[in-house]
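Presented below is the structure to which this report refers.
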Amino acid sequence: MTRSIHPIHDFHYKSGELYCEGVKVSSIVKKTGTPVYIYSHNTLVEHFRKIKAAFDEVDPVICFAMKANSNLAVLKALVREGAGFDIVSGGELRKALLVGAEAKKIVYASVGKTEAEIADAIRAGILLFNVESKPELMNIERIAGRMKKTVQVALRINPDVEAPTHDKINTGSLKKKFGIDLSTARGIFLDHKRFKNISINGVHVHIGSQITEGAPFMKAIRTALAFIDDLLRDGVQITYFDIGGGLGIIYSDEKPQTALEFSNKVLPLLKGRALRLIMEPGRFIVGNAGIFVTRKLYTKDNGVKKFMIVDGGMNDLVRPSMYGAHHEIIPLERSEARKIVCDVVGPICESADVFAHDRKLPDVADGKCLALLSAGAYGFSMSSNYNVRPRAAEVMVKGGSWAVVQARETFKDLVQGASIPAFLK
């Protein structure tokens, strides 16, 4: 099902040409080349503001999930709006600090935090660690003790909720590596006094990504709140309740809940509870704020299928290959060309290198460009150099201005740090 470009996303046709805010996309591409990611500043901040306004009455700590998009310009734009960050690596911590994020608005998740990463985060003074296991908790206790620091910790509980999303981004089941089962987590909380360098005062729950139905969220949140209520009755002090992220967006014909609809379900559950709410939206904020532009090389017809071959590949945007994800594809210029049913494929030497299967699209002329919509989340951040291909450029548009915010990689970038040892010379 093809949807029109909603003007709130700031990508729209004007006089037959695709615009991002006030800038013609083709004028950007003429200077940057392809493939290229283009982000709308207005769409980005508007989606952050929607979450903030919807939950305004409880003044949540909104920590953008940096894994979705870690471009420095994107991060800086969100920091200017008051965002914090949900980070999952030492590199993400360094980026958060580089763009001026408040340390007390940074929460640190991920299953495999190294000793160096934990120490750096303690040194930076982050708000808290979202702990995924008892061994990780013991590591943080040991490292904090060595550093003579006391750190705040939330336990990420696994509510064993199966969310209706792709299996690879479903994280709320006990079959997955994430979180701590409720029995073990309860035992840790009840034994909290044994930890001298850790304040275990938060509960974290996150069941997955691109979840378009409200019921799984509410089941997980109710489970977590019942868990918290039991702890409070046992005299355990809980300060923070981190409900994670995972709100779905529109890629095609999905009908996800809005931020306001979500808050109308969540906020009544928090009344009467002295809990500081933490949220970790990622895709919801940045997903529809970006497009991926690629150039058509030619159409191949093998007598069985037609293939529209483009210069971008799965190394640039892996979601369709990895998840079977759908991205709407439109030309930069409204086209009167006849439509063909084709696969849109890239140059990577994998049969999985497909952006769209059996899609009905205008057979635009060779050399013309196409935009893949809703590419702001998990696009560039998951890209790679597979087949020795440089990663794409990134651009941000604000009103009538635009700037390259990540230069296209060069071959020199790809071999920097590589060397041929003397025994091969």
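Read-outs: derived from the displayed coordinates by stated rules, not from any lab. None of the values given here were measured: they were computed from a predicted structure. Using ideal geometry, Cβ is built from the backbone for each residue, glycine included, and neighbour counts are taken over all protein chains shown.
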* Which of T299, T294 comes first, and how do the rest follow, when ranked by fewest Cβ neighbours within 10 Å? -> T299, T294
* If you bin the C-alpha pair distances of the stretch 5-124 every 10 Å from 0, what whole percents do you get? -> 12, 35, 29, 18, 6, 0
* Can you check what the net charge comes to around V345, using other residues whose Cβ is under 14 Å from the Cβ of V345 (Lys, Arg +1; Asp, Glu -1)? => -1
* Once amide H atoms are built 1.01 Å from N in the peptide plane, which residues 5 or more positions from V405, or in another chain, come under 5 Å H to H? -> E394, V395, M396
* Structure fact -> Summed over the other residues with a beta carbon less than 9 angstrom from that of L18, with K and R at +1 and D and E at -1, the charge totals +1
* Simple label model, 7 Å out from Cα along Cβ direction - D229 to H357, nm -> 4.5 nm
* Using the alpha carbon gyration tensor of the stretch 70-115, what are the three equivalent-ellipsoid semi-axes (square root of 5 times each eigenvalue), largest first, in whole Å? -> 19, 10, 8
* **Distance between the stretch 41-106 and the stretch 327-380 - C-alpha centres, whole angstrom** => 31 Å
* Asked: Quick one: if you stick a label point 7 Å off each Cα along the C-beta vector at D413 and K425, how many nm between them?
  -> 2.8 nm
* **Too-long pairs where the Cα-Cα distance tops 29 Å, listed order kept, from K105/K265; K67/K265; K76/K219; K76/K134; K30/K76; K134/K265** => K76/K219; K76/K134; K134/K265
* Angstrom value of the Kirkwood radius, inverse mean 1/r, which spans all Cα pairs in the chain -> 22.9 Å
* Structure fact -> Rounded to the nearest Å, the spacing of the alpha-carbon centers of the stretch 401-425 and the stretch 235-311 is 32 Å
* To do: Using a cut-off of 14 Å between beta-carbons, work out the net charge of the residues near G235 (Lys and Arg +1, Asp and Glu -1, G235 not included).
  => -1
* Structure fact -> Rounded to the nearest 0.05, FRET efficiency between R146 and V404 (Cβ-Cβ, R0 45 Å) equals 0.55
* Structure fact -> Expressed in angstrom and ordered largest first, the alpha-carbon extents of the stretch 110-158 along the principal axes are 30, 19, 15
* Asked: What relative contact order, as a whole-number percentage, does the stretch 312-425 give when Cα pairs under 8 Å and 6 or more residues apart are counted?
  -> 26 percent
* Asked: With each label point set 7 Å from Cα along the Cα-Cβ vector, what nm distance links R222 and K368?
  -> 5.2 nm
* Value at 222 nm in deg cm²/dmol, rounded to 500, when DSSP H runs of n ≥ 4 in the chain each add -39,500 (n - 2.57) -> -8000 deg cm²/dmol
* Among D353, D230, what is the fewest-to-most ranking by other Cβ atoms within 10 Å? -> D230, D353
* Asked: Expressed in nm to one decimal, what extension gain is obtained for the pair H12 and K265 from 0.36 nm per residue of sequence separation less their Cα-Cα distance?
  -> 87.8 nm
* Asked: Remind me, relative contact order of the chain in percent, using alpha carbon pairs under 8 angstrom and six or more residues apart?
  -> 20 percent
